1. Determine which member of the set 25, 44 is in a helix (DSSP H, G or I) and within 23 Å of the chain's Cα centre (by Cα).
2. Of the numbered conditions (1) at pLDDT below 95; (2) assigned to a helix (DSSP H, G or I), residue 1 fails exactly one; give the number of that condition.
């Protein structure tokens, strides 16, 4: 192999190595963009899931508060009905 052929081979290999390095750099940039997009997607999912869970917990607390208020109202109604029944009983006793 002549020195000119060797020089051409070296230059050809250098160009091939440079092209491979460029391809690798572009692949790395593409991978980095994909990772950044995936990170944003996961972050959005976590934030939205957290918001949904928080809303569910608030709804649950509201539901328990309403159930408690309903129970108190039912107890008050029962007390009123008992008083009405006693009053009716007294009226009935007076009439007899």
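The values are calculated or read from the model by the stated rules, or taken from the named source; none is laboratory data. Worth saying up front: this structure is predicted, and the values here are computed from it rather than measured.
1. Working: 25 fails: within 23 Å of the chain's Cα centre (by Cα).
Going through 25, 44 in turn, just one is in a helix (DSSP H, G or I) and within 23 Å of the chain's Cα centre (by Cα): 44.
2. (2)
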